[in-house]
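A.B. asks: Dropping the structure in here first, questions after.
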């Protein structure tokens, strides 16, 4: 993993690795992924940035994002939240994701008690797409019915004019 990861480095990060690798390998040791990741994160991802990402994750809500956008943002920020243990990550992700959903989706999905993150996201996407399709059909029906409505009677265009001219004529 270290060889692949370092192969992907470019420009300044590659220069950093070329100068850091000999220091880490001092004494004939092999640089593991854990060591490389720690050093890389210390260099390019300071604690304050990490803390801000963690706060963003804790405060993350779906808001006006689609389920797909919300899930992508959730996965991106979840890796900065260190409080999940490997044993509870899946369940904890489901709880956090569900709590950040819009109320309408949360009500529709929440009772299902889904404990697999990918299944939860999939069900939320399906619900969102079905709801959008339903409202689209309803709006099309509504606009068609409004277009086909006509007045049950046709008033003459000059109805008001007749009255005015009748009042001006002298009575006999």
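A.B. asks: Once you have the Cα-Cα distance between residue 30 and residue 138, take 0.36 nm times their residue separation minus that, and quote the gain in nm to one decimal. Numbers along the way, then the final one.
C.D. replies: Details: separation 108, 0.36 × 108 = 38.88 nm, distance 6.39 nm.
Contour length minus the Cα-Cα distance gives 32.5 nm.
A.B. asks: Another question, if that's okay. Which distance in Å, rounded to a whole number, links the C-alpha centroids of the range 69-119 and the range 1-50?
C.D. replies: Centre-to-centre distance over Cα atoms comes out at 31 Å.
A.B. asks: What distance in nm separates the simple spin-label points at residue 23 and residue 130, each placed 7 Å from Cα in the Cβ direction?
C.D. replies: Those two pseudo-labels are separated by 5.7 nm.
A.B. asks: Right, here's the next one. What is the gain in length, in nm to one decimal, between residue 99 and residue 11 on full extension, counting 0.36 nm per residue of separation less the C-alpha to C-alpha distance?
C.D. replies: Net length gain for the segment: 27.6 nm.
A.B. asks: Treat the count of other C-beta atoms within 10 Å as a stand-in for reagent exposure and order 11, 69, 98 from fewest to most.
C.D. replies: Exposure proxy ranking, most exposed first: 11, 69, 98.
A.B. asks: For 115, 94, which order do you get if you count the other beta carbons within 10 Å of each Cβ and list the fewest first?
C.D. replies: The order, fewest Cβ neighbours first, is 115, 94.
Quick note: the coordinates plus some simple rules give every number you see, no bench work behind them. Just so it is clear, the structure is predicted and the values come from calculations on it, not from any experiment. Here Cβ is always computed from backbone atoms with ideal geometry, including for glycine, and neighbour counts include all displayed protein chains.
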